[in-house]
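Notes follow once the structure below has been shown.
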Amino acid sequence: MSFRFRLTKNHLVSLIQNHLVSYPSPINLNYAWSFGSLAGIALVIQIVTGIILAMHYVPHVDYAFNSIEHVMRNINHGWFFRYAHANGASMFFIVTYCHIFRGLYYGSYIYPRQILWCTGVVIMLLMMATAFIGYVLPWGQMSFWGATVITSMVTVIPVAGQTIVEWFWGGYVVGNSTLNRMFSLHFILPFAIAGVVIVHLILLHKVGSNNPLGVDDVDVIPFYPYFFVKDLFALYIFLLVFAIIVFFFPERFRSSR
């Protein structure tokens, strides 16, 4: 048992050393390469705040809205977790869009990184699905009609479209079964996103990071401390903007809740 523990510990230290500390990074990377790590931090924030909110949310059409009001008014710091989760989704998309734009601008989607780019697209699609489902959960008028209109679009699928929609609704109209399904999916999908992110990072460390020159024969330096400090500074700026929004403009990015 002692040998196994030492082996596991050594593997963990080796993993951190190879993929974080001494990971060879192109010397000419700029702050545009910090958006990837910021997106990872945003995902962690969403998962943590989402788990806390799920402890108090009631996925029932009669109690969903009241449970959110209960979180806002009666739970200690509940307003903070709700605003952090709701606005965190917007911040998550902002840094992800910046990450995608950087990849498009510098050609990070071409060989040998095309599979890496495809996993990023999968992450983006999962994010969009998760965000839409989360928009439905407060169960206000906008949530109800948003769920009705968007899910009805599936009916354009030939033959099976109507059947798929009725299966997802749990009936012939959007109702309590639909809300339960959406809550379950909204809870599960972030962990699926985290799994694809791990695959994304594995592929990144396999083919290496792109750089502003778009060539692979540039000098490299260890990720720590050079780019770790860069990412840390970008994280401070991100958290500062995020805190200003949450504490001073919590309703600015949200059309309804």
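The values are calculated or read from the model by the stated rules, or taken from the named source; none is laboratory data. Computed from a predicted structure; not experimentally measured. Using ideal geometry, Cβ is built from the backbone for each residue, glycine included, and neighbour counts are taken over all protein chains shown.
Against the condition of a type in the set (A, V, I, L, M, F, W, C), surrounded by fewer than 17 Cβ atoms within 10 Å (Cβ to Cβ) and part of a loop (DSSP other than H, G, I, E, B), how does VAL173 come out, does it pass? Considered against the rule, which asks whether it is of a type in the set (A, V, I, L, M, F, W, C), surrounded by fewer than 17 Cβ atoms within 10 Å (Cβ to Cβ) and part of a loop (DSSP other than H, G, I, E, B), VAL173 comes out as yes.
Rundown of residues vs (1) in a helix (DSSP H, G or I); (2) under 18 Å from MET182 (Cα atoms), yes/no style:
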position	(1), (2)
ALA89	yes, yes
VAL95	yes, no
ARG102	yes, no
ILE133	yes, yes
TRP145	yes, yes
VAL159	no, no
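Within 26 Å of the chain's Cα centre (by Cα), modelled with pLDDT of 95 or more, within 30 Å of TRP79 (Cα to Cα) and exposed (fewer than 14 other Cβ atoms within 10 Å of the Cβ): does that describe VAL241? In short, yes.
Pairing residues of segment 142-156 that are in contact (Cβ under 8 Å) with a residue 24 or more places away in the chain and among the hydrophobic types (A, V, I, L, M, F, W, C) with residues that are surrounded by fewer than 14 Cβ atoms within 10 Å (Cβ to Cβ) and not in a helix (DSSP H, G or I), at Cβ distances under 8 Å and at least 6 apart in sequence or on separate chains, gives MET142/SER255; MET142/SER256. Checking VAL246, VAL218, VAL229 one by one, the residue that is out of contact with any Ser or Thr (no Cβ under 6 Å at 6 or more places or on another chain) and in a loop (DSSP other than H, G, I, E, B) is VAL218 and no other. Looking across segment 187-224, just one residue is more than 30 Å from TYR135 (Cβ to Cβ), surrounded by fewer than 12 Cβ atoms within 10 Å (Cβ to Cβ) and of a type in the set (Val, Ile, Thr), and that is VAL215.
Within the set TYR31, TYR105, TYR63, TYR109, the sole residue that is more than 30 Å from LEU213 (Cβ to Cβ) and of a type outside the set (Gly, Ala, Ser) turns out to be TYR63.
Would you mind stating whether LEU125 is touching a residue at least 40 places away in the same chain (Cβ under 8 Å), out of contact with any Asp or Glu (no Cβ under 9 Å at 6 or more places or on another chain) and under 26 Å from SER90 (Cβ atoms)? No: the conditions fail for LEU125.
Of the residues making up segment 31-61, those that are without any contact (Cβ under 8 Å) to a residue 60 or more places away in the chain and not in a helix (DSSP H, G or I) are MET55, HIS56, VAL58. Identify, please: which residue in segment 18-30 is surrounded by 13 or more Cβ atoms within 10 Å (Cβ to Cβ) and assigned to a helix (DSSP H, G or I) and is, among those, modelled with the lowest pLDDT? It comes out as HIS19. Among what's in segment 65-114 and is touching a residue at least 24 places away in the same chain (Cβ under 8 Å) and polar (S, T, N, Q), pick the residue that is nearest to LYS206 (Cα to Cα). Checked segment 65-114; the qualifying residue nearest to LYS206 (Cα to Cα) is SER108.
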